[in-house]
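Visitor: Dumping the structure here so I can ask a few things about it.
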Amino acid sequence: MDIEKIISQMTVEEKIKLVVGVGLPGMFGNKPSIVPGAAGETHPIERLNIPSTVHADGPAGLRINPERENDEKKYYATAFPIASMLASTWNKEILFEVGKAMGNETKEYGVDFLLAPAINIHRNPLCGRNFEYYSEDPVLAGELASSFVEGVQSEGVGTSLKHFVANNQETNRMKIDTIVSERALREIYLKGFEIVVKKAKPWTVMSAYNKLNGKYCSQNEWLLTKVLREEWGFEGFVMSDWFAGDNPVEQIKAGNDLIMPGKTYNVFRDRKDEIEELKEAYERGEITDEVLNERVRAILKVLVKTPSFKGYKFSNKPDFERHAKISYNAASEGVVLLKNDGVLPFSAETKVAIFGTGQIETIKGGFGSGDTHPRYTISIFDGFKERGIKVDETLGEFYRQKVKEMRNGDYKPVFVNNFNLKIPPKLPEDIVDESKLEEASKRNDLAVIVISRISGEFVDRKAEKGDYYLSDDERKLVENVSEKFHKKGKKVIVLLNIGGPIEIASWLNLVDGLILIWQPGQEAGRVAADVCLGVVNPSGKLPTTFPKDYKDIPSKTFPGTPNDNPTEVIYEEDIYVGYRYYDTFQVVPLFEFGYGLSYTKFDYKDLNIKLDDENIEINFEIINTGNVDGKEIAQVYVKAPKGKLDKPFQELKGFYKTKLLKPGEKEFVSIRIPLRDLTSFCKDKWLLEEGEYRIRVGASSRDIRLEGKIYLKPKVFDL
Ligand code: BGC
């Protein structure tokens, strides 16, 4: 395809149309989407055989409408685990498989771009969209998202790596000015994007809503042109987030190639339609031919690879059975076992009473653009039954009835915003009375309590009861169940069906087992049951710290100032995000970054570190010393010497997940870390400071099993 020839045949008007989307499908008088439920489209230029291309969310599965007008057929998509759970797998192959399956559904439903992955940093546990994001650590996020992008794009459709950059909250997300040092940007917030752009070459990057140090990301030439293209060599195109920024001319000039969804400046801002504005700017000479051609070229180079451009005949029939298995596998590797006082796994013969409305309304994922519409979500209650666990059916039926009554009564879904987004309010958890509880504790051998949370786009979570903290009725439920069961010598397990950290420290002692099942997608109940039974040996580890209390967190300025309506958020904690803060300032978390238990045990031995001019190579062995099969995630942290720059106590530089090891079986692990990755950012350079580097190999960030040292000479790397 001769792109230069196409460009030479295009009129200025056609070029301007190509850099602006067609408008939010089906709203504000725009025509409905080619694929109902998709988020946007590019303009077709029929005269030159350039078709429209279709863009749809998102990170947990393709987001399209399951139903269409005058059509009996359903258009479901597989619901995969949320991104934080995918990150808990620490398994690149799984991320590739999930990406490939999502990419396949994207292609088979006639969509060209999947608006994922989202890799913003978990700066603060209350960010409403953290569930869509991977981790507090950019290396873990970047490495895993690279595999995801490779998986999606192996199907011949595009990804959109988002939200570029420092979009770490929902409160006032379209206007907030994020003030952050260049060092923290480079080492933390940009780092994951840099890894993915260089390794996986995403077809597109989505510029974020927020301002970055005073300038909207979508109008920020430093970000979109200097860093992304000139330094990192990005070759795809940049699209804005939906309705982002306040000036289309600045967007185009800065390097934001495509303005999405289009036709919004006249609706949301007090301005003309952006196509009109761009035309006027072109006539004034403010947008030159050179700039316009550059934007068009970037877009066309990608568009010619899309299924729509190639005339792909999609089937509308993805292989749901295969994808359900992939969703199940990913979820089962992402479950994190947090506590086990001899209660797990239990046998299917165990009589189990399940408490909590989440056993019926199990949360598959968060709300907003990161939501999906699957064929089903297996609830915890149904999953337990299906897997043959002797659940207390009377109690389960009671919960089912109660949930139904409440949802038909005072707890109907409520609107969250003006995009018709409706969310069911949280149900009370004080519905089992004393005598029912007493009976259940007599009839059963074990109690399982489900604690659920949902959060999503548009709103941040709150450090309040019912959200970050247990509500009074949830706490009562945990206390009462634990008292009744423990009195009879019976144990209690809690399943956390949540999208991000909650406060646990104050009630952890009341329970014997604690399993983080996250928001695991459509296979939820099956995965939870299989972990409880030991059919799956949990092998996930935390991609984000669970602090003891909200007051312990580093990002004290969240969500910014002034308090009631923040316009600015200063990242005062700088590079000390997540474990970098807890470890450096000796704040002990409840469950540290990288933590997760197993039903077996692993030993680490024979550390051997080699050094050449460009890399260090870290070799060691992992042995399964327990009684059951299991996988281990080994993590390599490096403690750099303090030189000119302050350094965090340690930083994750590599990781490896073993295959399923049988009891007694060992695996040799070799992790290569380029010296460039050991540097810190210092005024336009990456600096490797001279001194002793401690190589810490651990089962978590605070469970270091092997330690070695190397001495490195100073070295400077260009950006
Ligand atoms: C979200 C993006 C999403 C887009 C299209 C925006 O509100 O921030 O993540 O891709 O909408 O749905």
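The values are calculated or read from the model by the stated rules, or taken from the named source; none is laboratory data. Just so we're clear, the structure is a prediction, and the values are computed from it rather than from any experiment. We place every Cβ from the backbone using ideal geometry, glycine too, and count neighbours over all the protein chains shown. With ligands, DNA and RNA removed, areas are computed over all heavy atoms of the protein, side chains included. Shrake-Rupley method; radii C 1.70, N 1.55, O 1.52, S 1.80 Å.
Visitor: Would you please give the FRET efficiency between Asp684 and Arg375, computed as 1/(1 + (r/R0)^6) with r the Cβ-Cβ distance and R0 = 60 Å, to the nearest 0.05?
Guide: Efficiency for this residue pair is about 0.70.
Visitor: Among Thr372, Ile3, Pro345, pick out the residue whose Cα is farthest towards the positive end of the charge dipole of the chain, where Lys and Arg carry +1 and Asp and Glu carry -1 on C-beta, about the Cα centre.
Guide: The one lying farthest along the dipole's positive direction is Pro345.
Visitor: Quick one: net charge around Pro318, please, counting Lys, Arg +1 and Asp, Glu -1 for every other residue with C-beta under 9 Å from its C-beta.
Guide: Combined, the nearby Lys, Arg, Asp and Glu give 0.
Visitor: Which whole-number percentage describes the relative contact order of the chain, with Cα contacts under 8 Å and a sequence gap of 6 or more?
Guide: That works out to 14 percent.
Visitor: How far apart, in nm, are two points set 7 Å out from the Cα along the Cα-to-Cβ line at Asp433 and at Lys404?
Guide: 2.1 nm
Visitor: Hey, what angle do you get for helix 320-334 against the long axis of the chain, alpha-carbon based, 0 to 90 degrees rounded to 10?
Guide: Result, in degrees: 70.
Visitor: Tell me whether region 232-377 comes out rounded, prolate or oblate; compute the Cα gyration tensor, take square roots of the eigenvalues as a ≥ b ≥ c, and use a/c under 1.5 as the rounded threshold.
Guide: Cα axes put region 232-377 in the prolate bin.
Visitor: I need the trypsin sites (Lys or Arg not before Pro) found in region 468-537, filtered to DSSP loop residues with at most 15 other beta carbons within 10 Å of theirs.
Guide: Lys488
Visitor: With every protein chain present, what is the per residue accessible area of the chain (1.4 Å probe, Å²)?
Guide: Result: 37 Å² of accessible area for each residue.
Visitor: Report, for the chain, the % of DSSP beta bridges that are antiparallel, rounded to 5.
Guide: 60 percent
Visitor: For region 604-719, with only Lys/Arg (+1) and Asp/Glu (-1) charged at the beta-carbon, what is the dipole magnitude about the Cα centre, in debye rounded to 20?
Guide: The dipole magnitude comes to about 240 debye.
Visitor: With a ≥ b ≥ c the root eigenvalues of the C-alpha gyration tensor of region 600-717, is it rounded (a/c under 1.5), prolate (a/b larger than b/c) or oblate?
Guide: Prolate shape, in that a/c is at least 1.5 and a/b is the bigger ratio.
Visitor: Now a separate question. Taking a point 7 angstrom from the Cα of Ser670 along the C-beta vector, which residues in region 79-115 have backbone N less than 20 Å away?
Guide: 92-93
Visitor: With respect to the cross-link table entries Lys100/Lys541; Lys211/Lys272; Lys92/Lys215; Lys215/Lys685, which display a Cα-Cα separation exceeding 26 Å?
Guide: Pairs exceeding 26 Å: Lys92/Lys215.
Visitor: Would you compute, from DSSP H runs of 4+ residues alone, the mean residue ellipticity of the chain at 222 nm, taking -39500 (n - 2.57) per run and dividing by the full residue count, rounded to the nearest 500?
Guide: -7500 deg cm²/dmol
Visitor: Taking 0.36 nm per residue of sequence separation and subtracting the Cα-Cα distance, how much length would be gained by fully extending the chain between Lys487 and Glu464, in nm to one decimal?
Guide: Stretched fully, the Lys487-Glu464 segment lengthens by 5.2 nm.
Visitor: Something else: On full extension of the chain, what length is gained from Lys215 through Arg297, given 0.36 nm per residue of separation minus the C-alpha to C-alpha distance?
Guide: 27.0 nm
Visitor: Say the dipole of region 611-656 comes from +1 at the beta carbon of Lys and Arg and -1 at that of Asp and Glu; which of Thr625, Tyr656, Val638 then lies farthest toward its positive end?
Guide: Val638
Visitor: With a point put 7 Å past each Cα toward its Cβ, work out how far Thr288 is from Glu231 in nm, to one decimal.
Guide: 2.4 nm
Visitor: Per-residue counts of other Cβ atoms within 10 Å, averaged by peptide: what ranking do you get for 153-161, 545-553, highest first?
Guide: 153-161, 545-553
Visitor: If you don't mind, there's one more thing I want to ask. Where both partners of a DSSP beta bridge lie in region 3-309, what percent of those bridges are antiparallel, to the nearest 5?
Guide: 30 percent
Visitor: Would you mind checking which residues have amide H under 5 Å from Phe649's amide H? H placed 1.01 Å from N; only 5 or more apart, or other chain.
Guide: Distant-sequence amide H within range of Phe649: Thr584.
Visitor: Still on this structure: Could you look at the chain and say what percent of its accessible area is carbon and sulfur, using a 1.4 Å probe and all protein chains?
Guide: Roughly 48 percent of what the probe reaches on the chain is carbon or sulfur.
Visitor: Report the one residue of Asn104, Tyr576, Ala447 whose Cα lies farthest in the direction of the positive end of the charge dipole of the chain (charges on C-beta: Lys and Arg +1, Asp and Glu -1; origin at the Cα centre).
Guide: Of the listed residues, the answer is Ala447.
Visitor: Let me ask you something else. In region 240-264, which residues have a backbone nitrogen under 15 Å from the label point lying 7 Å from Leu719's Cα in the Cα-to-Cβ direction?
Guide: Under 15 Å, as judged by backbone N against the label point of Leu719, lies no residue of region 240-264.
Visitor: Charges only on Cβ, +1 for Lys and Arg, -1 for Asp and Glu: so what's the dipole of the chain about the Cα centre, in debye to the nearest 20?
Guide: It comes to approximately 980 debye.
Visitor: Sticking with this structure for a sec: Using only the alpha-carbon atoms, how far is helix 393-408 inclined from the longest principal axis of the chain? Give it as 0 to 90 degrees, nearest 10.
Guide: Helix 393-408 sits roughly 40 degrees off the main axis of the chain.
Visitor: Would you mind classifying the chain by shape? Square roots of the alpha carbon gyration tensor eigenvalues, ordered a ≥ b ≥ c; an a/c under 1.5 is rounded, otherwise it is prolate if a/b is larger than b/c and oblate if not.
Guide: oblate
Visitor: Let me ask something additional. With an 8 Å Cα cut-off and a minimum separation of 6 or more residues, compute the relative contact order for region 320-543 in percent.
Guide: 38 percent.
Visitor: What spacing in nm lies between the two simple spin-label points modelled at Lys644 and Arg271, each 7 Å away from Cα in the Cβ direction?
Guide: Modelled inter-label distance: 4.0 nm.
Visitor: So, one more: Which length gain, in nm to one decimal place, applies between Lys31 and Phe585 when the Cα-Cα distance is subtracted from 0.36 nm times their residue separation?
Guide: That works out to 193.9 nm of additional length.
Visitor: Roughly what angle does helix 524-533 make with the longest principal axis of the chain, taking Cα atoms, 0 to 90 degrees, to the nearest 10?
Guide: Between helix and principal axis, roughly 40 degrees.
Visitor: Further, regarding this structure: Sort the following peptides by mean Cβ neighbour count (other Cβ atoms within 10 Å, averaged over residues), highest first: 342-355, 609-622, 590-603.
Guide: Ranking the peptides 342-355, 609-622, 590-603 by packing returns 590-603, 342-355, 609-622.
Visitor: Report the paramagnetic label zone for Lys305: residues of region 155-199 whose backbone N is under 14 Å from a point 7 Å from Cα along the Cα-to-Cβ axis.
Guide: The answer is 155-161, 197-199, whose backbone nitrogens lie closer than 14 Å to the label point.
Visitor: Further question on the same structure: If you put +1 on each Lys and Arg Cβ and -1 on each Asp and Glu Cβ, how big is the dipole of region 322-456 around its Cα centre, in Debye rounded to 20?
Guide: 620 debye
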